[in-house]
Amino acid sequence: MKKYHFLLLLALFYSQIAFSQEEQSSLLGLLGEESKSEPVTNAFKSHRVINSQSMEMLGEGALDFRILHRFGNLNQGYQQLFGLDQASMRIGFDYGVLKNFMIGVGRSTLNKEIDGYAKYRIFWQSEGGKENMPISLIWVSGFTANGEQHPFQGTGFEDSFTHRLAYFHQLIIGRKFSNKLTLQITPTLLHQNVVINSLTPNDLFAIGIGGRYKVSQRVAFVWDYSFLFNRFPDATFAYPLSLGFDIDTGGHVFQLHISNAAGMNERAFLTAQNGSWLKGDVKIGFNLSRVFQLKKNTL
Amino acid sequence: MKKNLFPILLICLTTTQLAFSQSNKYFSKNAIISFDAEGKLDDIEEIKATTKQAICIYDDASRNFEWSVSIKSFVFANSLMQEHFNENYLESSKYPKATFIGKIDPSNTLTFDKDGTYPVKVTGKLTMHGITQNVSTSGMFNIQKGIISASAKFEVTLADYKIDIPTLVFMKVAEIVKINVSTNLQPLKHP
């Protein structure tokens with residue numbers, strides 16, 4: 001009798017356990033799958049904010065054919081159709097070599113300048129896991145070469161290749177704060193082999209501040225500003241500031257903006273005699289980009 | 001007294017037995033899901049993607065079958081397309097997962113210890129892009145020398161999940177997307 005009681009209790013107890021296990025709401029929970037930390041994508045719609053490099057990279061095997069276009073100054077009035085009569089452009093190709101490495105070349109009509117760069121992602125912002133990377137960190141190094149026939153006329157400098165060169169190095173520290181807001185700061189060092197004025201330093205230190213705010217699913221407001229620490233004393237030129245919209249049309253991204261910088265590579269927009277926003281010394285510009293997938297992604 | 005207790009004891013013991021035998025569950029952590037969203041416009045670029053990182057679990061007792069997949073794990077041939085898929089269509093940062101919580105029709109024959117092909121009917125709820133819809137399809141279980149595999153094909157209408165196709169690319173992306181799922185299943189060791 002006592003024996004039965006014990007057995008009964010035991011049996012009740014076991015069925016209890018077995019049933020409570022059965023009642024687990026989701027079967028998937030049994031797999032004990034932990035959410036993994038995944039890289040944050042689409043911090044910007046494009047690998048350039050407007051003029052400067054963004055924390056975004058091209059995917060592996062993607063070739064971006066890119067036309068950057070800047071019209072003349074807006075304040076020239078209706079006679080010049082608000083600057084639309086003049087145009088300056090840069091044609092470029094960018095290629096994603098690896099997931100975290102891309103390269104690019106381009107040529108601008110301004111100074112007939114050729115530029116090239118390499119961009120490497122050191123850290124990629126991630127989310128969703130236990131240990132996430134809070135920021136993306138990207139290194140960019142590049143050069144520019146003046147392609148004019150006689151760029152140093154009347155200055156005593158020889159038109160040698162080394163004289164034409166300038167180099168830049170940047171560290172992009174960026175974070176996508178929310179689906180809408182992305183901010184990045186970009187400490188930059190620019191070295192010009194030749195500067196025309198002896199008071200102008202060969203090594204220029206600058207800091208770029210760029211960001212975007214998504215207005216809708218396919219339209220984003222973007223801005224791009226650079227501050228220079230040690231340029232020619234008492235220079236009256238404005239620091240480059242560009243404001244614009246990124247419009248995602250499905251196959252490509254169309255960037256429409258207003259900028260006081262005429263240059264479309266790092267040397268050009270950092271050192272050029274940029275006009276004043278307050279005086280309307282700004283230009284309408286657009287970037288057109290078409291991406292081709294040269295190497296297909298596979299699983 | 002003895003007589004009164006005995007049946008209760010028996011019932012309890014049998015239910016215990018039942019409950020334990022019910023825990024024959026099968027799972028996979030590398031199930032394959034692919035889809036084809038090729039639209040009317042015959043483009044050079046195909047709109048297809050695959051993932052091998054879906055997880056699923058099947059409980060043979062309750063016949064519940066559950067799936068989950070990370071949207072970001074889908075790989076497209078074209079990187080930009082993959083970006084747009086995540087950013088503009090499925091909004092994967094907002095809705096990182098798609099899940100299916102379903103059941104296999106209890107009237108279908110399905111025995112795991114006998115080799116063969118078992119067609120089954122599956123009904124359940126598919127959640128993606130933050131929206132849940134009822135889905136029903138026919139699938140197939142295949143048991144061959146103890147190796148269990150399952151597969152199914154079904155279609156979803158993007159509008160049902162509030163996935164907008166912008167007018168500019170309307171012809172390229174299909175309004176109804178074909179989805180293929182397949183997996184091998186292995187027994188889950190602990191219940």
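Figures for the structure shown
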read-out	value
The range A:204-227, residues that are assigned to a strand (DSSP E or B) and either more than 25 Å from residue A:173 (Cβ to Cβ) or modelled with pLDDT under 90 (or both)	A:219
Residue in the range A:162-181 that is exposed (fewer than 13 other Cβ atoms within 10 Å of the Cβ) and of a type in the set (Gly, Ala, Ser) present	yes
Filtered residues of the range A:107-150 (kept if of a type outside the set (A, V, I, L, M, F, W, C), touching a Lys or Arg at 6+ places or on another chain (Cβ under 6 Å) and free of Cβ contacts under 8 Å to residues at least 60 places away in the same chain)	A:146, A:147, A:148
Which listed residue is over 24 Å from residue B:73 (Cα atoms), surrounded by 15 or more Cβ atoms within 10 Å (Cβ to Cβ) and away from every other protein chain (no Cβ under 12 Å), from B:179, B:143	B:143
Matching residues in the range A:110-150 - criterion: being exposed (fewer than 15 other Cβ atoms within 10 Å of the Cβ), modelled with pLDDT of 90 or more and touching an Asp or Glu at 6+ places or on another chain (Cβ under 6 Å)	A:112
Single residue of A:201, A:233 found to be outside any strand (DSSP E or B) and either under 23 Å from residue A:145 (Cα atoms) or among the aromatic types (Phe, Trp, Tyr) (or both)	A:201
Identity of the residue in the range A:52-70, in contact with a Gly (Cβ under 6 Å, 6 or more places away or on another chain) and crowded, with 21+ Cβ neighbours inside 10 Å, that ends up farthest from the other protein chains (Cβ to nearest Cβ)	A:70
Residue match in the range B:5-28 (condition: at pLDDT 90 or above and either in contact with a Ser or Thr (Cβ under 8 Å, 6 or more places away or on another chain) or more than 10 Å from chain A (Cβ to nearest Cβ) (or both))	yes
Search result, residues across the range A:182-198 that are surrounded by 14 or more Cβ atoms within 10 Å (Cβ to Cβ), touching a residue at least 40 places away in the same chain (Cβ under 8 Å) and either in a loop (DSSP other than H, G, I, E, B) or within 21 Å of the chain's Cα centre (by Cα) (or both)	A:182, A:184, A:186, A:188, A:190, A:194
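The values are calculated or read from the model by the stated rules, or taken from the named source; none is laboratory data. Owing to the predicted nature of the structure, the values given are computational and were not obtained by experimental measurement. Backbone-built Cβ (ideal geometry, glycine too); neighbour counts: all protein chains shown.
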